[in-house]
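Participant: Pasting in a structure now, in structure tokens, and then I'll have a few things to ask.
The values are calculated or read from the model by the stated rules, or taken from the named source; none is laboratory data. Being a predicted model, the structure only gives us computed values, none of them experimental. Cβ placement follows ideal geometry from the backbone for every residue including glycine, while neighbour counts extend to all protein chains displayed. The accessibility values were calculated without ligands, DNA or RNA, using every heavy atom of the protein model including side chains. Shrake-Rupley method; radii C 1.70, N 1.55, O 1.52, S 1.80 Å.
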Amino acid sequence: MGLKLKIFIGYAMLILLLGFIIYLFRGERMKRDELKWEMKELGIIRDLTRKTYGHLLELASQGEVVSTWSESDLRLYRERREKTCGVLKELQQFVHTPEQQERIDSLCLLLEQKEMLLSAAMSTFDELENLYDRYKEFADKLIAEADV
């Protein structure tokens, strides 16, 4: 074999090795970019999940005192529920499985139903309070008539 052929084969091997290194470098770079995107997405999901948890906790604690609610409290609850569902809808954009998306949808529906039930409970407590006031007035009237 001639010296020129050996030099040509050596350069060809170097070029092939350089091409392989570039291929590996590019593949690793693409993996790194993908991992960066996934980390960013996970950070967003974590923040949205934290917000959702806080909103749900706030709704649960506010719902505990439904017996003392007024119309403004019900409006405030509705606003907070809508805000919570808005955050859940944002979170739904980052969820990729249909089961999880369905769970988010059903959670929003459950929150809406809970709001309706709390409204009904508030109305019931108001009616009971009115009945108690009527009973008290009636009892006071009976006592006043009995004293006469």
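Participant: Over the chain, how many percent of alpha carbon pairs lie in each 5 Å bin up to the one with the longest distance?
Facilitator: Percent of Cα pairs in each bin: 2, 7, 10, 11, 8, 7, 7, 6, 6, 5, 5, 4, 4, 4, 3, 2, 2, 2, 1, 1, 1, 1, 1, 0, 0, 0, 0, 0.
Participant: Okay, next question. With a 1.4 Å probe and every protein chain kept in, tell me what percent of the accessible surface of the chain is carbon plus sulfur.
Facilitator: Here carbon and sulfur together make up 63 percent of the probe-accessible area.
Participant: If you take every residue apart from ALA120 with its C-beta less than 12 Å away from the C-beta of ALA120, what net charge results, scoring Lys and Arg +1 and Asp and Glu -1?
Facilitator: -2
Participant: If ligands, DNA and RNA are left out, what is the accessible area of PHE25 with a 1.4 Å probe, given in Å² to the nearest 10?
Facilitator: 130
Participant: Follow-up question, since we're still on this one. Once you list every other residue whose beta carbon is under 13 Å from the beta carbon of GLU28, what net charge do they have if Lys and Arg are +1 and Asp and Glu are -1?
Facilitator: Computed value for this residue: +3.
Participant: Might you tell me the accessible area per residue for the chain, computed with a 1.4 Å probe and given in Å²?
Facilitator: 81
Participant: Moving on. Take the alpha carbon atoms of the stretch 2-55, find their radius of gyration, then divide it by 2.2 N^0.38 Å using N residues; give the quotient.
Facilitator: 2.32
Participant: Treating cross-link reach as a plain straight distance, find the lysines whose alpha-carbon is under 27 Å from the alpha-carbon of LYS83, omitting any fewer than eight places away in the same chain.
Facilitator: Result set, ordered by chain and number: LYS40, LYS51, LYS114.
Participant: Now for a separate question. When Rg is the radius of gyration of the Cα atoms in the stretch 42-122 and Rh is its Kirkwood radius, what does Rg/Rh come to?
Facilitator: Reported Rg/Rh, Kirkwood definition of Rh: 1.02.
Participant: Mind grabbing the accessible area of TYR11 for me, 1.4 Å probe, Å², rounded to tens?
Facilitator: 140
Participant: Sticking with this one: Give me the net charge of LEU57's neighbourhood, meaning all other residues with Cβ under 15 Å from the Cβ of LEU57; Lys, Arg count +1, Asp, Glu -1.
Facilitator: Result for the neighbourhood of LEU57: +4.
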